[in-house]
Amino acid sequence: MSNLSRENTNLNGNQMSKLKEFVVAEPRPLPVIILADVSGSMASDGKLQAMNQAIKEMVLAFADEDDLRAEIHLAVITFGGRSAAIHLPLTTASKVTWQDCQASGGTPLGAALGLVTSVVEDRAQIPARAYRPTIVLVSDGQPTDDWERALETLLSSPRCSKAFRIALAIGADADEQMMKKFLANENAKVFRADEARQIRQFFRFVTMSVTSRRSSANPNDSPQYQTPHLEDIEF
Amino acid sequence: MCLQSDERNDLLCFGASVAGPLHRQEKKGRQDAWLAASGSYGVVLVVCDGMGSRSKSRFGADVACRAVRDAIRAHAHAGRAYVPQLLRLIHSLWSVRILPAAADDCATTCLFAAVFPWGQLVVAQLGDGMAALANPDGTLAFVESSERVFGNVTTGLGIARSTAEWAVLTRDVFSPGSAVMLATDGISDDLRHDSVMEFIAHVIAEYSSMPPKRRSRALRSELERWPTPHHLDDKTLAVLWNRRGAPTCG
């Protein structure tokens, strides 16, 4: 009995919980998954550079938050060339070392939607105790594969369909109609960026939205905002 | 809530409920409620988690606890448990008793375990949390499968439109050495799935032999020192244990 008492007392003399061995030691995850268009066209006009910089800043902002009601886990799925790839697997934001994305080829959005669906539905990657994920789609072009079937699967899957979804259309060639279908919410609007600097403003908005969720009473509540014009966002 | 216990028929009920750090920080009371009761109708244990975003969620949780007890009491002459009717009665009592408040403002999860005078065990769950039956052979049965989508996305009284949304487990006999644990999601979301049996065994070993008042204080104190980092939610834990034939599970 005396040994047990000693084991359950820390150096300050405070009694520690005996329940430690039965509970998980990590805070609840709040997943954020970015679907990043890395098609060849993103390399022009500084778009890719701006996106890389913006994600890097977002990682720093997430890692810097110390009022943790949830732990932000970030993943980046890129789609370019002929396929999609997990550029950054779901990782605690404070442990992310950001590597810039490279651009080339087409816009295989369907592959990215398939990949994000498999990640979100995988309970080993996102446990049931996690808060609802945020999926961010960023693209500057028209999809070059069968994206509609993949989107249908995403929107009908039990977990992906409940994720918060945000979309940014970059430039005049972006397929805004496709993005509206991705949002699948008549009240949600697609953000538009006509200049590279607006990409960074968009990611600052995403950062703000996620961190405000993390500090809200229930991080699963919908973020309360009207879709602003990116020029109207002050930081 | 005062601890209640019933030693008749070797059935012991105990539990505790504490406000989570978020409600303590916001100087709000907890929105969980629990109740243990016994009588000629048998033994009933109820745990409810008033939904955080609703204005009268604690009221809804308190009403739900009493609605379950009274439904069990009314059902005790049936000779066997007719679960759909029992659940409908719980919904009806709750819906009437929250008036004039709106059902949506009072929404609450509802988990209960009842042992009827004829020995039958019914464990039921509507919404988040965990209801589990620990058998004396060391096996564990969860009332609801782990099909839950994400944390804090739930159903409950005031939300469910059908008794089909309940998950129910029944046994003809609540065997000696068996235990039922009911817990709100403040606990169940942080429990390691592979440790539930050991957790139940720990709670019984640690607290069952204490005098009721001391047990209540000790369990509350333990829940207030919940070890998961940055946890927020209220925590309510209740156990129904058939201590005949102890030592028990685990």
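The values are calculated or read from the model by the stated rules, or taken from the named source; none is laboratory data. Predicted model only: the values in this text are computed from it and were never measured. Here Cβ is always computed from backbone atoms with ideal geometry, including for glycine, and neighbour counts include all displayed protein chains.
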- request: Run A:SER2 past the list (1) within 14 Å of another protein chain (Cβ to nearest Cβ); (2) at pLDDT below 90 and report the number of the one that doesn't hold.
  value: (1)
field: Cross-chain or 6+ apart pairs with Cβ under 6 Å, the range A:123-148 first and at the interface with another protein chain (Cβ under 9 Å from one of its Cβ atoms), then polar (S, T, N, Q)
entry: A:TYR131/A:ASN220; A:ARG132/A:ASN220
- request: Mind listing whichever residues of the range A:10-43 are modelled with pLDDT under 90, outside any helix (DSSP H, G or I) and charged (D, E, K, R)?
  value: A:GLU26, A:ARG28
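Yes/no per residue for (1) among the small types (Gly, Ala, Ser); (2) within 19 Å of A:VAL116 (Cα to Cα); (3) at pLDDT 90 or above:
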position	(1), (2), (3)
A:THR153	no, yes, yes
A:SER209	yes, no, no
A:SER215	yes, no, no
A:GLU231	no, no, no
- request: Check whether at least one residue in the range A:77-85 is modelled with pLDDT of 95 or more and within 16 Å of A:THR207 (Cα to Cα), and report yes or no.
  value: no
message: Please go through the range B:178-195 and give me each residue that is free of Cβ contacts under 8 Å to residues at least 24 places away in the same chain and more than 19 Å from B:ARG225 (Cα to Cα), ordered by number.
response: B:ASP194
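Would you pick out the residues in the range B:176-214 that are among the small types (Gly, Ala, Ser) and either surrounded by 17 or more Cβ atoms within 10 Å (Cβ to Cβ) or within 15 Å of B:GLY15 (Cβ to Cβ) (or both)?
B:GLY177, B:SER178, B:ALA179, B:ALA183, B:GLY186, B:SER188, B:ALA201, B:SER208
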- request: Would you check if there is a residue in the range A:44-57 being under 28 Å from A:ASN185 (Cα atoms) and part of a loop (DSSP other than H, G, I, E, B)?
  value: no
- prompt: Does the range B:68-121 hold any residues that are in contact with a Leu (Cβ under 8 Å, 6 or more places away or on another chain) and of a type in the set (Val, Ile, Thr), and which are they?
  reply: B:VAL68, B:ILE72, B:ILE90, B:THR108, B:THR109, B:VAL115
query: Across the range B:94-105, what is the total count of residues that are closer than 27 Å to B:PHE14 by Cβ and hydrophobic (A, V, I, L, M, F, W, C)?
result: 1
- prompt: Pairs, please: C-beta under 9 Å, at least 6 apart or cross-chain, first residue free of Cβ contacts under 8 Å to residues at least 24 places away in the same chain and in the range A:168-182, second charged (D, E, K, R)?
  reply: A:ALA172/A:ASP194; A:GLU176/A:ARG192; A:LYS180/A:GLU186; A:LYS180/A:LYS189
message: Against the condition among the polar types (S, T, N, Q) and without any contact (Cβ under 8 Å) to a residue 12 or more places away in the chain, how does B:GLN31 come out, does it pass?
response: no
- line: When the range B:163-178 is checked residue by residue, the ones that are closer than 22 Å to B:CYS65 by Cβ and part of a loop (DSSP other than H, G, I, E, B) are B:TRP166, B:PHE174
statement: Over the range B:196-220, the set of residues touching a strand residue (DSSP E or B) at 6+ places or on another chain (Cβ under 8 Å) and free of Cβ contacts under 8 Å to residues at least 24 places away in the same chain is B:PHE199
- request: Inspect all residues belonging to the range B:220-228 and state whether any of them is more than 10 Å from chain A (Cβ to nearest Cβ) and surrounded by fewer than 21 Cβ atoms within 10 Å (Cβ to Cβ).
  value: yes
Filtered residue count, the range A:86-99, keeping only those that are at pLDDT 95 or above and closer than 23 Å to A:ALA43 by Cβ: 3
- request: Looking only at the range A:174-193, decide whether some residue is more than 19 Å from the chain's Cα centre (by Cα), exposed (fewer than 14 other Cβ atoms within 10 Å of the Cβ), modelled with pLDDT of 85 or more and within 14 Å of chain B (Cβ to nearest Cβ).
  value: no
message: Just the residues that are under 15 Å from A:LEU48 (Cβ atoms), touching a helix residue (DSSP H, G or I) at 6+ places or on another chain (Cβ under 6 Å) and surrounded by 23 or more Cβ atoms within 10 Å (Cβ to Cβ), please, taken from the range A:71-102.
response: A:PHE79
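Tally the residues that are over 14 Å from the mean Cα position of the chain (by Cα) and either surrounded by 23 or more Cβ atoms within 10 Å (Cβ to Cβ) or assigned to a helix (DSSP H, G or I) (or both), restricting the search to the range B:39-53.
Qualifying residue count for the region: 2.
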- request: Could you run through the range A:80-100 and say how many residues are hydroxyl-bearing (Ser, Thr, Tyr) and in a strand (DSSP E or B)?
  value: 3
All positions within the range B:134-179 that are within 14 Å of another protein chain (Cβ to nearest Cβ) and modelled with pLDDT under 90: B:GLU144, B:SER145, B:SER146, B:GLU147, B:ARG148, B:VAL149, B:PHE150, B:GLY151, B:ASN152, B:VAL153, B:THR154, B:THR155
message: Against the condition out of contact with any Cys (no Cβ under 6 Å at 6 or more places or on another chain) and either within 11 Å of chain A (Cβ to nearest Cβ) or over 21 Å from B:CYS48 (Cα atoms) (or both), how does B:ASP190 come out, does it pass?
response: yes
